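Student: Once you've had a glance at the structure underneath, I'll fire off some questions.
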Amino acid sequence: MALFAGRGYAETTVPQIAERAGLTTRTFFRHFAEKREVLFLRDRELPTAVGSILAGLPRDLSTSQVVERGLSLAAVELEQWRAPIARRDAIIRGDEHLRERELLKLEHLAQAISQALVARDVPPAAAHVTARVATLVFDLAMRRWLDAETASLQDELTRAWDDVRATTLP
């Protein structure tokens, strides 16, 4: 991350990464298919965690309560990682191909939410729409949180849900 932040993503080479990590280039390629994978090593963790959180919530909650509470609980864990998340985000924002890959992470999150809702007997079409809206809200909250100086991710999630309600359900 330090190399990407200091030199730029495009200017950082795999041999430079391997050297910084005390590895050979060959060892690097045993773990990663390409340098971009370094930035997305943990991109499946959030969708998996959110899916597990949603599955563990009480069955008597409404669909919207499940999604809001589930994302809120996930946000609690993310709060402690603000600095590294912001550093990674700055690197990704600086490269078009990385931004495209970041969208795939959001797609995985939407799929995890949708699957968790279907497992709670939410009809698939409703689960799909709810998951898309929830992913939009989460992405909006993350963007605001990373750009803000003092707000918490929890506060930004609440604000994003309020904004979506105000603009889609006038």
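The values are calculated or read from the model by the stated rules, or taken from the named source; none is laboratory data. Owing to the predicted nature of the structure, the values given are computational and were not obtained by experimental measurement. Ideal geometry is used to build each Cβ from the backbone, glycine not excepted, and the neighbour counts take in all protein chains shown.
Student: In the range 10-36, which residues are of a type in the set (A, V, I, L, M, F, W, C) and outside any helix (DSSP H, G or I)?
Tutor: Scanning the range 10-36 gives 10, 23, 32, 33.
Student: Return the only residue of 83, 74, 134, 160 being assigned to a helix (DSSP H, G or I), within 22 Å of residue 36 (Cβ to Cβ), assigned by TED's automatic domain parsing to the domain that holds residue 49 and within 16 Å of the chain's Cα centre (by Cα). Walk me through it before giving the result.
Tutor: Values: 74 fails: within 22 Å of residue 36 (Cβ to Cβ); 134 fails: within 22 Å of residue 36 (Cβ to Cβ); 160 fails: within 22 Å of residue 36 (Cβ to Cβ).
Residue meeting the stated conditions: 83.
Student: Consider residue 106 against the criteria (1) surrounded by 16 or more Cβ atoms within 10 Å (Cβ to Cβ); (2) more than 30 Å from residue 12 (Cβ to Cβ): it satisfies all of them except one. Which criterion is unmet?
Tutor: Result: residue 106 passes all but (2).
Student: Oh, and also: Kindly provide the set of residues from the range 108-128 that are over 19 Å from residue 72 (Cα atoms) and not small (Gly, Ala, Ser), ordered by number.
Tutor: As a first pass, look at the range 108-128 and keep what is over 19 Å from residue 72 (Cα atoms): 118-119, 121-126, 128.
Listed by number, the residues that qualify are 118, 121, 122, 123, 124, 128.
Student: Every residue in the range 36-52 that is surrounded by 16 or more Cβ atoms within 10 Å (Cβ to Cβ) and either within 15 Å of the chain's Cα centre (by Cα) or over 30 Å from residue 1 (Cβ atoms) (or both), please.
Tutor: 39, 40, 43, 46, 47, 49, 50, 51
Student: Related question: Could you list, in sequence order, all residues of the range 91-103 that are surrounded by 13 or more Cβ atoms within 10 Å (Cβ to Cβ) and part of a helix (DSSP H, G or I)?
Tutor: 91, 92, 93, 98, 101, 102
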